[in-house]
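Q: Supplied in structure tokens, the structure appears directly below.
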Amino acid sequence: MTADSDRIDAHVWRVSAVVLVGSVMSILDTTIVNVALATLGRELHSTIAQIQWVVTGYMLALAAVIPVTGWAARRFGAKRVYLLSLVLFTAGSVLCGLASSATELVVFRVIQGVGGGMILPIGQLMMADVAGPKRMGRVMSIVAVPAMLAPILGPTIGGLIVDNASWRWIFYVNVPIGVIAVIAALRILPRVEPAPSDRLDVRGLALMATGLPLLTYGLAEIGVTGSFTATKVVVPCLAGLALIATFVVHALRVPSPLLDLRLYRRPTFASASFAMFCLGGALFGSMILLPLYWQQIRGESVVDTGLLTAPQGLGMALVMPLAGKLTDRWGGGPLALFGVVVTTLASIPFGLIGAHTSIFGLSVAMLVRGMGIGFAFMPAMAAAFASLERSELADATPQLNVLQRVGGSIGTAVLAVVLQRALNGTHTLAGAAHAYGTAFWVAGGLTAVAIVPCIVLLRAERAAREAKGDSGSPPPDVLAEAVAA
């Protein structure tokens, strides 16, 4: 193959730039709101357990729509679905800015999440299509930029907006970006004609789209009611679990389910998936605790809160390229276990947090914690893909993304509940700081739970490698296809 055939022409970069604009908008929005939760709770007269739904509802909407994107792109054409997702996200942002109550804001965040959940996977699909397999790795690498920068820039940008304007502008800021993205997409993105596709698993979608929110709602109501046995807790939890169990039975019986649960029969994929679920809960859950601690306990401004939250994202960004290279050499199991252990140990200082704990010490702990998360996430995902056939990637990729989002939404709800219950009855700054320590201990516990599946992953990966007689690492083009799926 000649060097010219590997050259990336201008059209590919133009398409990538359009996708990047939409990706930046949707990814930043997952982190930009976190630093504003204290302000939102105060302005909308809501408790922590109530206002956390601004984050949880968004992530649940993402989780619900991700499995549908591949089918929708084939059925209606990728460009049409991408434009629809941009319009939904932008319209949802306008509605969020106009919200006059916490309930309205949560509902509008769900609309925003439905659009946001489709933007990145559909955009990646179009990028992969125009790039081709030989150039996919280089083109896909640019999508990693906003993913790595969002945990760093999101809280800081959110802090600057809230500190210098109304909280409504953390949503209105998406409107001009969305308009630019729609115009650019109309002019530049190639038209992709609809193609034959399997029937959408509507029953599976209905079961999951109702079961997961009900379960999460029931868990969140523990913080509101203060009881584990209240009707508003027990009924939604039992109903949610029943619907999820029904979905499992349904998915194992139909030929083309919304999520292919048969993949979890493979020990490597199952253990890697469970590890990512736990990490999602610990990562996204703690991302609401830290900003609240800095503002409510330490009295920091919203801008300073954003800056103080950045070290964790910086740690992730620093190690992820290295983690990818080491995974190719050693496999995902050892690195995922190492990352989870580091993340767990780095969570201990937050469990001991007080009203006057060293800011420098906490920042260092956050940096190390972010590095641990970076070492855990990428290798766990690579190990999951390495256990699959190429034909299974299209099913596996959305499932791993869904697990992260569901883990994040449940983790956010659980940690908000723990914090709210610990804060009840506290009347001193030291008591409030101790309440945050209690919540951080639970976050550390969620991370520690991931150690067990990582050990299983390590052993399963080793057994698979011995059976294959090779390194067991997925070739680069397989990972590229997985990212694009």
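Q: Which of the following residues is within 20 Å of Gly437 (Cα to Cα), not in a helix (DSSP H, G or I) and not aliphatic (A, V, I, L, M): Gly370, Gly285, Gly299?
A: On inspection, the qualifying residue turns out to be Gly299.
Q: Out of the residues in the range 264-278 that are open to solvent by 70 Å² or more (accessible area, probe 1.4 Å) and touching a residue at least 24 places away in the same chain (Cβ under 8 Å), which is farthest from Arg462 (Cα to Cα)?
A: Phe274
Q: Return the only residue of Leu261, Leu289 being in contact (Cβ under 8 Å) with a residue 12 or more places away in the chain, out of contact with any Lys or Arg (no Cβ under 9 Å at 6 or more places or on another chain) and open to solvent by 10 Å² or more (accessible area, probe 1.4 Å). Break it down into steps so the answer makes sense when it comes.
A: Values: Leu289 fails: open to solvent by 10 Å² or more (accessible area, probe 1.4 Å).
Result of the check over Leu261, Leu289: Leu261.
Q: Of all residues in the range 215-233, which are at pLDDT 80 or above and crowded, with 19+ Cβ neighbours inside 10 Å? Break it down stepwise before answering.
A: To start, the set of residues in the range 215-233 that are at pLDDT 80 or above comprises 215-219, 229-233.
Those that are at pLDDT 80 or above and crowded, with 19+ Cβ neighbours inside 10 Å: Leu215, Thr216, Tyr217, Gly218, Leu219, Val233.
Q: Yes or no: Tyr58 in contact with a Ser or Thr (Cβ under 8 Å, 6 or more places away or on another chain), surrounded by 23 or more Cβ atoms within 10 Å (Cβ to Cβ) and among the aromatic types (Phe, Trp, Tyr)?
A: Working: in contact with a Ser or Thr (Cβ under 8 Å, 6 or more places away or on another chain): yes; surrounded by 23 or more Cβ atoms within 10 Å (Cβ to Cβ): yes; among the aromatic types (Phe, Trp, Tyr): yes.
Yes, satisfied.
Q: Could you list all residues from the range 342-360 that are of a type outside the set (S, T, N, Q), part of a loop (DSSP other than H, G, I, E, B) and surrounded by fewer than 18 Cβ atoms within 10 Å (Cβ to Cβ)?
A: Leu352, Gly354, Ala355, His356
Q: Still on this structure: Look through Gly408, Gly437, Gly374 and report the one residue that is over 25 Å from Gln295 (Cβ atoms) and touching a helix residue (DSSP H, G or I) at 6+ places or on another chain (Cβ under 8 Å). Please lay out each step first, then the result.
A: On the way: Gly408 fails: over 25 Å from Gln295 (Cβ atoms); Gly437 fails: over 25 Å from Gln295 (Cβ atoms).
Result of the check over Gly408, Gly437, Gly374: Gly374.
Q: Sort out for me the helices (runs of 4 or more DSSP H) sitting completely within the range 2-88 that have 2 or more residues that are more than 22 Å from Leu186 (Cβ to Cβ) and in contact with a helix residue (DSSP H, G or I) (Cβ under 6 Å, 6 or more places away or on another chain). So that I can check it myself, show each step before the final result.
A: Values: elements: 3-6, 10-32, 37-43, 48-51, 53-76.
Of the helices (runs of 4 or more DSSP H) lying wholly inside the range 2-88, those with at least 2 residues that are more than 22 Å from Leu186 (Cβ to Cβ) and in contact with a helix residue (DSSP H, G or I) (Cβ under 6 Å, 6 or more places away or on another chain) span 10-32, 37-43, 48-51, 53-76.
Q: OK, next. Filter the range 183-196 down to residues that are surrounded by fewer than 18 Cβ atoms within 10 Å (Cβ to Cβ) and more than 14 Å from Gly77 (Cα to Cα), then give me how many there are.
A: Here is the first cut: in the range 183-196, the residues surrounded by fewer than 18 Cβ atoms within 10 Å (Cβ to Cβ) are 183, 186-188, 190-191, 193-196.
With the extra rule that they be more than 14 Å from Gly77 (Cα to Cα), the set shrinks to 183, 187-188.
Number satisfying all stated conditions: 3.
Q: Just to be sure I understand, how many residues within the range 338-378 are closer than 18 Å to Ala317 by Cα, at pLDDT 90 or above and hydrophobic (A, V, I, L, M, F, W, C)?
A: Selection size over the range 338-378: 10.
Q: Hey, another quick one. Select, from Gly306, Gly299, Gly281, Gly315, the only residue that is free of Cβ contacts under 8 Å to residues at least 24 places away in the same chain and either open to solvent by less than 20 Å² (accessible area, probe 1.4 Å) or on the phi > 0 side of the Ramachandran plot (or both). Before the answer, list the steps.
A: Details: Gly306 fails: free of Cβ contacts under 8 Å to residues at least 24 places away in the same chain; Gly281 fails: free of Cβ contacts under 8 Å to residues at least 24 places away in the same chain; Gly315 fails: free of Cβ contacts under 8 Å to residues at least 24 places away in the same chain.
Exactly one residue qualifies, and that residue is Gly299.
Q: Residues of the range 147-183 being charged (D, E, K, R) and at pLDDT 90 or above, which ones?
A: Step one: list which residues in the range 147-183 are charged (D, E, K, R), which gives 163, 168.
Arg168, the sole residue that qualifies.
Q: Same structure, new question: Any residue in the range 324-341 that is buried (at least 23 other Cβ atoms within 10 Å of the Cβ) and either in contact with an Asp or Glu (Cβ under 6 Å, 6 or more places away or on another chain) or free of Cβ contacts under 8 Å to residues at least 24 places away in the same chain (or both)?
A: Yes: one or more hits.
Q: If you don't mind, another one. Working only within the range 342-364, note down all residues that are within 19 Å of Thr447 (Cα to Cα) and in contact (Cβ under 8 Å) with a residue 60 or more places away in the chain.
A: Within the range 342-364, Thr343, Thr344, Ser347, Ile348, Phe350, Gly351, Leu352, Ile353 qualify.
Q: Could you please let me know if Ser256 is open to solvent by 50 Å² or more (accessible area, probe 1.4 Å), of a type in the set (Gly, Ala, Ser) and part of a loop (DSSP other than H, G, I, E, B)?
A: yes
Q: Which one is surrounded by the most Cβ atoms within 10 Å (Cβ to Cβ) among residues in the range 97-116 that are part of a helix (DSSP H, G or I), out of contact with any Lys or Arg (no Cβ under 8 Å at 6 or more places or on another chain) and of a type in the set (Gly, Ala, Ser)?
A: Taking the range 97-116 and keeping what is part of a helix (DSSP H, G or I), we get 97-98, 102-116.
Within this subset, residues satisfying the condition of being out of contact with any Lys or Arg (no Cβ under 8 Å at 6 or more places or on another chain) are 102-116.
Now narrow it down to the ones that are of a type in the set (Gly, Ala, Ser): 102, 113, 115-116.
Values: Ala102: 19, Gly113: 26, Gly115: 25, Gly116: 29.
Within the range 97-116, the match that is surrounded by the most Cβ atoms within 10 Å (Cβ to Cβ) is Gly116.
Q: Filter the range 161-181 down to residues that are part of a helix (DSSP H, G or I) and in contact with a Leu (Cβ under 7 Å, 6 or more places away or on another chain), then give me how many there are.
A: Applying the first criterion (part of a helix (DSSP H, G or I)) to the range 161-181 yields 161-164, 169-172, 174-181.
Checking which are in contact with a Leu (Cβ under 7 Å, 6 or more places away or on another chain) leaves us with 178, 181.
Final tally of qualifying residues: 2.
Q: Return the pairs, sorted by first residue and then second, in which the second residue is not in a helix (DSSP H, G or I), the first residue lies in the range 440-460 and is open to solvent by less than 50 Å² (accessible area, probe 1.4 Å), the beta carbons are less than 6 Å apart, and the residues are 6+ apart or on different chains.
A: Once the first residue is open to solvent by less than 50 Å² (accessible area, probe 1.4 Å) and sits in the range 440-460, no partner that is not in a helix (DSSP H, G or I) comes close enough.
Q: In this structure, does Val94 turn out to be modelled with pLDDT of 90 or more, open to solvent by 40 Å² or more (accessible area, probe 1.4 Å) and aliphatic (A, V, I, L, M)?
A: On the way: modelled with pLDDT of 90 or more: yes; open to solvent by 40 Å² or more (accessible area, probe 1.4 Å): yes; aliphatic (A, V, I, L, M): yes.
Yes, satisfied.
Q: Please state which one of Ala220, Ala184, Ala206 is at negative phi and either free of Cβ contacts under 8 Å to residues at least 24 places away in the same chain or assigned to a loop (DSSP other than H, G, I, E, B) (or both). Outline the logic, then answer.
A: Details: Ala220 fails: either free of Cβ contacts under 8 Å to residues at least 24 places away in the same chain or assigned to a loop (DSSP other than H, G, I, E, B) (or both); Ala184 fails: either free of Cβ contacts under 8 Å to residues at least 24 places away in the same chain or assigned to a loop (DSSP other than H, G, I, E, B) (or both).
Just a single option satisfies the conditions, and that option is Ala206.
The values are calculated or read from the model by the stated rules, or taken from the named source; none is laboratory data. Model, not experiment: these values are computed from the prediction. Virtual Cβ from ideal backbone geometry, glycine too; neighbours counted across all protein chains shown. We work out accessible area using only protein heavy atoms, side chains counted, and drop any ligands, DNA or RNA first. Shrake-Rupley method; radii C 1.70, N 1.55, O 1.52, S 1.80 Å.
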